[in-house]
Amino acid sequence: MMFISDVLVIGGGIAGIGAAARISPEASVTVLEGMNAFGYHATGRSAAIFIRNYGNKTLRALNIASEPLLLEPEGISDSSLLSPRGEILVATESELDDLKRYLEGSSGIEALSADQAVELVPILRREKIAAAAYEPQAQDIDVDRLLQGFARIIKHNKGQIVTNAAAQTIARKNGVWRVETPAGTFEAKILINAAGAWADEVAAMAEVRKVGLVPMRRSAALLPPPDDHDIMKWPLFASASEQWYAKPEGGKLMVSPADEDPVDPHDAFVDDMVLAEGLDRYEQSVTVPVTRVDKSWAGLRSFVKDRTPVAGFAADTEGFIWLAGQGGYGIQTAPALSALVADICLGRTPRLSQETLEALNPARLAI
């Protein structure tokens, strides 16, 4: 069966669903997702926190541009998608330079003494802390409400989200893209590549030059809460050099080794040795031993060489828009990047600065 729309989006994560939602009021749009549910891969495995100062200069600009919608998600939800959390970075003597680099160009961050850090997170080892910093405005993101809100907008505007629709062939003829899937054949003049870890594979199928995307595995585990501690108001706490991080999650403590192991695109699973080594690094920074892992999982964070997302028309092929390479920033930058891609797709003037647009432009990766 043939389905025709103005825009096709490959990838049903937060990137693809968000872009389709922003486009759908003005153009017919279809999202193609290979799995049996959208939001299955990286979106469903996110640490789900908004940290304004997280990432490089371009990512921080995207964070700032995304915050208003997360705070007041009109049309998506009837209340803020953010809730208080806070973030503490702790540095050992060997991590002082890492903390200094993080603080460069930051805003809204307070220096803490070791005693103040331990007051906020009582299980931190005071003797290990050479310096600490606190971002009180870091907040948890309700990822499911954001994703489902975007999906409702698509459906309200008569758009489609088609699952079990992995692209098998992609071709362009007479200015129209045709994508063959197990769920049917889909055509549109514009194709948005929001395929996450598979974005370079989609590009190759479409005979578009790749951007050098590298999927990297990130693991996490849920640990029992430490005895005699009420952890729910603790901030996220992390090593300044990203050797580990931890945050309260559903009454337990989520701990990640902050691993970034290059892998091929796949349905990610935990490497037990990597997880064990990461939990050991975490354990050395706290006073409570790791006695049990209640649950563990892994996801893929995908980067290009400059660790900045790729968003915009391909330099070598008409009608092909990149929306990839978000790394670990995909949820908190989704409002800004989805708006940008909608502006590009619909021929509107983007609201981001020219400097940010150039930093995101896929053409930079051809240099």
Could you work out the equivalent-ellipsoid semi-axes for segment 290-367, taking the square root of 5 times each eigenvalue of the Cα gyration tensor, largest first, in whole Å? 30, 14, 11
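Past the 19 angstrom mark, what percentage of all C-alpha to C-alpha distances in segment 127-207 do you count? Intermediate values should be presented prior to the final figure.
Details: 1893 of 3240 pairs.
So the pairs more than 19 Å apart make up 58 percent of the total in segment 127-207.
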Distance in Å, no decimals, from the C-alpha centre of segment 99-163 to the one of segment 1-76 is 19 Å
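Indicate, rounded to the nearest 5 percent, the antiparallel portion of the DSSP beta bridges found entirely in the chain. Mind showing how you got there, number by number?
On the way: 49 of 70 bridges.
Around 70 percent of the beta bridges assigned by DSSP in the chain are antiparallel ones.
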Over the chain, what is the mean sequence separation of C-alpha contacts under 8 Å (at least six apart), divided by residue count, expressed as relative contact order in percent? 23 percent
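Please sort 27-40, 171-184 by packing, taking for each peptide the average over its residues of neighbouring beta carbons within 10 angstrom, highest first.
27-40, 171-184
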Using only Cα atoms, find the angle between the long axis of helix 330-346 and the longest principal axis of the chain, and express it within 0 to 90 degrees, rounded to the nearest 10. 20 degrees
Order the peptides 101-112, 277-288, 317-328 from the highest to the lowest mean number of other Cβ atoms within 10 Å of their residues. 317-328, 277-288, 101-112
Binned at 10 Å from zero, the C-alpha pair distances of segment 206-325 give percents of 12, 36, 26, 16, 9, 2, 0
What is the percent of Cα-Cα separations in segment 1-142 that go past 23 Å? 51 percent
Positive end of the charge dipole of the chain (Lys, Arg +1 and Asp, Glu -1 on Cβ, about the Cα centre): tell me which of Q332, N56, A204 has its Cα farthest that way. A204
Translational D (Stokes-Einstein, µm²/s) of segment 184-267 at 10 °C and 1.306 mPa s when Rh comes from the Kirkwood sum over C-alpha pairs? 98 µm²/s
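Which net charge results when you count Lys and Arg as +1 and Asp and Glu as -1 among the other residues whose beta-carbon is under 13 Å from that of W234?
Working: positive: R85, K233, K247, K252; negative: E87, E119, D140, D230, E249.
Charge balance near W234 sits at -1.
Which value, in nm² and rounded to one decimal, describes the direction-averaged projected area of the C-alpha convex hull of segment 1-59? Intermediate values should be presented prior to the final figure.
Values: hull surface 23.0 nm².
One quarter of the hull surface, i.e. the mean projection, equals 5.8 nm².
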Which three semi-axes in whole Å describe the equivalent ellipsoid of segment 86-148, each the square root of 5 times a Cα gyration tensor eigenvalue, listed largest first? 25, 15, 10
With a sphere of radius 11 Å drawn around the Cβ of E283, what net charge do the other residues whose Cβ falls strictly inside it have (Lys, Arg +1; Asp, Glu -1)? 0
Directionally averaged shadow of segment 52-203, computed from the convex hull of its alpha-carbon atoms, nm²: 13.1 nm²
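So if I average 1/r over every pair of distinct C-alpha atoms in the chain and take the inverse, what Kirkwood radius in Å does that give? Working shown, then result.
Numbers: mean 1/r = 0.0473 Å⁻¹.
The Cα-based Kirkwood calculation yields 21.2 Å.
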Using the Cβ atoms and a cut-off under 15 Å, what net charge is assigned to the surroundings of G319, where Lys and Arg are +1 and Asp and Glu are -1? 0
For peptides 190-203, 68-81, sequence by mean Cβ density within 10 Å, most packed first: 190-203, 68-81
Considering only Cα-Cα distances, which of the following residue pairs are longer than 19 Å: K57/K305; K189/K305; K57/K100; K100/K128; K128/K252? K189/K305; K128/K252
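Every read-out reported here was derived from the displayed coordinates using simple, explicitly stated rules and does not represent laboratory data. This is a predicted model, so every value here is computed, not measured. Backbone-built Cβ (ideal geometry, glycine too); neighbour counts: all protein chains shown.
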